[in-house]
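Asks: Got a structure for you, questions after.
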């Protein structure tokens with residue numbers, strides 16, 4: 001079974017509007033962390049936001065926020081006030097277990113977001 | 001700012017050649033990773049290293065090996081390149097931290113074509 005599921009084939013949003021990118025995860029470990037990355041056409045993966053499984057509040061980083069619903073095992077990324085530069089591929093990733101020297105990430109397959117002017 | 005660099009952005013090699021992909025980070029990170037990225041498959045972990053001279057297999061290690069002789073440098077080696085190794089290769093590094101400090105930082109990627 002996939003540990004990270006991103007099923008939206010491709011998303012379009014009008015400039016200045018908000019958009020939600022979906023991510024569901026599967027783990028039996030009570031300790032985990034969830035990450036979102038952005039990959040523009042240049043190829044480099046850019047870290048956006050992090051949510052820990054024990055965090056009481058949803059994470060926010062500027063225009064990015066994470067809608068964390070633990071019981072549903074979902075960690076959707078919300079981008080407010082979309083900009084043309086937000087057009088990119090977005091990846092959700094999970095680290096299972098306690099952090100440590102040999103922790104690693106499992107990535108979803110990604111979602112392509114296109115922002116229309 | 002964390003800086004992760006990769007030796008080449010684009011590389012073209014012939015089947016059977018030995019290929020070296022180099023990755024260097026300047027933030028004294030303990031952990032380093034090699035991924036390959038293919039359309040529709042996301043990122044898949046090839047190998048990772050949590051310390052100098054230490055390595056562990058990821059999800060798809062077949063056909064690859066790695067070397068980490070110095071803390072800042074992590075090399076991916078294709079002993080005998082094959083066409084199915086044509087892909088984007090991404091290197092990442094991180095500290096052995098907690099929470100947000102466990103974030104991986106990526107290099108710009110190397111797009112390898114094997115003819």
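Asks: Could you line up B:57, B:70, B:13 from fewest to most neighbouring Cβ atoms inside 10 Å?
Replies: So the ranking, lowest neighbour count to highest, is B:70, B:57, B:13.
Asks: With the Cα gyration tensor of the stretch A:1-76 giving a ≥ b ≥ c as the square roots of its eigenvalues, does the rule (a/c under 1.5 for rounded; else a/b larger than b/c for prolate; else oblate) give rounded, prolate or oblate?
Replies: In terms of gyration-tensor shape, prolate.
Asks: Once the convex hull of the alpha carbons of chain B is built, what does its volume come to per residue, in cubic angstrom?
Replies: 99
Asks: Then there is this: Among B:83, A:20, what is the fewest-to-most ranking by other Cβ atoms within 10 Å?
Replies: B:83, A:20
Asks: If you take the C-alpha gyration tensor of the stretch B:66-115, multiply each eigenvalue by 5 and take the square root, what semi-axes do you get, largest first, in whole Å?
Replies: That gives 27, 14, 8 Å for the three semi-axes.
Asks: Computed on alpha carbon atoms, what radius of gyration and Dmax characterise the protein assembly as shown, expressed in Å?
Replies: 17.6, 53
Asks: Return the single residue from A:43, A:33, A:52 with maximal mean-square fluctuation; model: Gaussian network over chain A, springs between Cα atoms under 10 Å.
Replies: A:43
Asks: What list do you get for B:15, A:106 if you sort them by fewest beta carbons within 10 Å?
Replies: So the residues, fewest neighbours to most, are B:15, A:106.
Asks: Something else: Can you give the % of DSSP beta bridges in chain B that are antiparallel, to the nearest 5?
Replies: That works out to approximately 90 percent antiparallel.
Readers should treat all values here as calculations from the given coordinates under stated rules, not as data from a laboratory. Only a predicted model underlies this, so the values are computations on that prediction, with no experimental measurement involved. Positions of Cβ are backbone-derived with ideal geometry, glycine not excepted, and every protein chain shown enters the neighbour counts.
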